[in-house]
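See below for the structure under consideration.
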Amino acid sequence: MANNQGKEKILVVDDSEATLEVLQRNLASEGYQTLTASTVSSALAALETTRVDLVITDFKMPGGSGMDLVRHIRENLRDTEVMMITGYPSIEGAVEAIKIGAEEYLSKPFTDEELYAAVRRSLDKLHLQRSGRKPAPQPPALPHGMLGESEAMRNIMDAVGKAASTAATVLITGESGTGKELAARAVHYGSARASDPFVPVNCGGIPDSLLESELFGHMKGAFTGASESRAGFFHAADGGTIFLDEVSETSPSMQVKLLRVLQDKEVCMVGSNRPRKVDVRILAATNKDLWTLVEKGTFRKDLFYRLNVITIALPPLRERHNDIVLLATHFAQRFAAEFGRPRPQFSERATSVLRNYDWPGNVRELENVVQRLVLMTEGDIIDAPDLPPLMRFSALRGAGLHRTLAEVELDHITNVLASVENNKTRAAAILGIDRKTLRQKLRRIPENSPS
Ligand SMILES: Nc1ncnc2c1ncn2[C@@H]1O[C@H](COP(=O)(O)OP(=O)(O)OP(=O)(O)O)[C@@H](O)[C@H]1O
Ligand SMILES: [Mg+2]
């Protein structure tokens, strides 16, 4: 039943020689080119040297799961589809395989027709992918430039709205890069103070000896070098909002002074003992667990309560999967416009890697990654292999590392031979050895190795 589907190359991976033989024969009769491998590591080695359109892999194999192979292909190969076969039919296994990117899932026993149909669907999908692309979804614009459609982000938007409508002090918490400053701006620009200044102060970045005069200003002659009086951030923020970032980094004496500002709404310039009224709303942020610091005695409990009238706790990005693609698309658009580059789209595989990554640096890390991708990626599709290696799963990192040099050499020789239709002269030329050496090495290859 041969037909003209020709050319398409399929790698079949199964630890059973009998299964390999049957599949190879059937697929060849349908006009496909086939390669075989009996372990995950030899499949990985074959994929390194040969471009394959479709991998059909067994699920359970000694020395490495087909699942690892599926993930590896999904996250490292641009142009290869993958299909899982299993002798252990279970819904969990199927769901898991599909979730990590297997296009198709076949349970043993299956008929030849079922096999051909599944292979055809996978390859059709591949061709569709190669030729077409889908339009990028437009991220919905939410107030204050904060994007998010996850449940967690909707709650944050609510909290921001409520905080904006009051004059209360707000403590914004969250890991680094989760959007604390953006939330602070959203509170300010959504509030009645929007037309007055928003003044961010990084308390962790200013040495303690300077922080007091930066915040409260100083009188002429207050200390060496104070040749004239200068207003501080609190005066600059009069009528508006001051944002005390990294408030956990303030010294005990500064904490007392901040407490006084919160209680009395007045500040004292350094070198003066005449307090001055200020009308400033205070927002504070920290990426530490302030309550733990209170318990340890390094942060004042009374200041904690004064700051923590309203809390906005920003969730880490890994807990809001639904926002990742939205944000990535938004940043891609922004940077493409900024750098005059084509607006890239993320392939399904790239999207799945982005969604599965841990994002220790949260939204800021995502923003940086997308910026680099917009600058570095050729063409306008960002695919999984374009992403930083650290973000991608690699079965090679594990499985490949347990192979001996001799095994790696054998795999490589076998693959090179397969790629030149067993022509030993050409294989020897590619391998950089003479035919005699190749023959010697070949004597060590077992009869039933991949062909
Ligand atoms: N929900 C969001 N929508 C759009 N952009 C966001 C969102 N959250 C964060 N960003 C962007 O991510 C970057 C980091 O945000 P931001 O500076 O507010 O984080 P942070 O929590 O203050 O970080 P750090 O703790 O490192 O100071 C900024 O460029 C910000 O505009
Ligand atoms: Mg910040």
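With respect to (1) away from ligand 2 (no atom under 16 Å from the Cβ); (2) under 41 Å from the mean Cα position of the chain (by Cα); (3) surrounded by 20 or more Cβ atoms within 10 Å (Cβ to Cβ), the lone exception for Ala285 is condition (1). Working only within the range 176-190, note down all residues that are closer than 18 Å to Gly361 by Cβ and either open to solvent by less than 30 Å² (accessible area, probe 1.4 Å) or more than 8 Å from ligand 1 (Cβ to nearest atom) (or both). Scanning the range 176-190 gives Gly177, Thr178, Gly179, Lys180, Ala183.
Residues that are at pLDDT 85 or above and either open to solvent by 70 Å² or more (accessible area, probe 1.4 Å) or in a helix (DSSP H, G or I) (or both) within the range 115-152 comprise Leu115, Tyr116, Ala118, Val119, Arg120, Ser122, Leu123, Glu149, Glu151, Ala152, listed in sequence order. Looking at Thr57, is it modelled with pLDDT of 85 or more and polar (S, T, N, Q)? Yes: the conditions hold for Thr57.
So is Thr173 within 14 Å of ligand 2 (Cβ to nearest atom), in contact (Cβ under 8 Å) with a residue 12 or more places away in the chain, under 23 Å from the mean Cα position of the chain (by Cα) and surrounded by 23 or more Cβ atoms within 10 Å (Cβ to Cβ) or not? Here the answer is no, as Thr173 does not meet what is asked. Condition first: within 16 Å of ligand 2 (Cβ to nearest atom) and crowded, with 20+ Cβ neighbours inside 10 Å. Can you find one or more residues in the range 316-326 that meet it? Taking every residue of the range 316-326 in turn, at least one turns out to be within 16 Å of ligand 2 (Cβ to nearest atom) and crowded, with 20+ Cβ neighbours inside 10 Å.
Screening the range 338-430 for helices (runs of 4 or more DSSP H) wholly inside it with 2 or more residues that are within 16 Å of ligand 2 (Cβ to nearest atom) and open to solvent by less than 50 Å² (accessible area, probe 1.4 Å) returns the ranges 362-376. Report, by residue number, each residue of the range 153-163 that is more than 9 Å from ligand 1 (Cβ to nearest atom) and open to solvent by less than 10 Å² (accessible area, probe 1.4 Å). Once the filter is applied, which keeps residues that are more than 9 Å from ligand 1 (Cβ to nearest atom) and open to solvent by less than 10 Å² (accessible area, probe 1.4 Å), the range 153-163 yields Val160, Ala163. Asp245 - would you say it is within 14 Å of ligand 2 (Cβ to nearest atom) and in contact (Cβ under 8 Å) with a residue 40 or more places away in the chain? Criteria met by Asp245.
Could we say that Val309 is under 24 Å from the mean Cα position of the chain (by Cα), open to solvent by 40 Å² or more (accessible area, probe 1.4 Å) and β-branched (Val, Ile, Thr) here? Before the answer, list the steps.
Numbers: under 24 Å from the mean Cα position of the chain (by Cα): no; open to solvent by 40 Å² or more (accessible area, probe 1.4 Å): yes; β-branched (Val, Ile, Thr): yes.
Criteria not met by Val309.
If you go through the range 197-213 and keep only what is over 36 Å from the mean Cα position of the chain (by Cα) and crowded, with 18+ Cβ neighbours inside 10 Å, you end up with Leu211, Glu212, Ser213. Here Ala167 clears all of (1) open to solvent by 60 Å² or more (accessible area, probe 1.4 Å); (2) part of a helix (DSSP H, G or I) except the condition numbered (2).
Annotation: of all residues in the range 214-257 being among the acidic types (Asp, Glu) and within 16 Å of ligand 1 (Cβ to nearest atom), the one that is most open to solvent (accessible area, probe 1.4 Å) is Glu249. Among the residues of the range 309-323, those identified as at pLDDT 95 or above and of a type in the set (A, V, I, L, M, F, W, C) are Ile312, Ala313, Leu314, Leu317.
The values are calculated or read from the model by the stated rules, or taken from the named source; none is laboratory data. Just so it is clear, the model here is predicted, and its values are computed rather than measured. So basically every Cβ, Gly included, is an ideal-geometry build from the backbone, and we count neighbours across all protein chains shown. When the accessible area is computed, the model is the full protein with side chains, heavy atoms only, and any ligands, DNA or RNA have been set aside. Shrake-Rupley method; radii C 1.70, N 1.55, O 1.52, S 1.80 Å.
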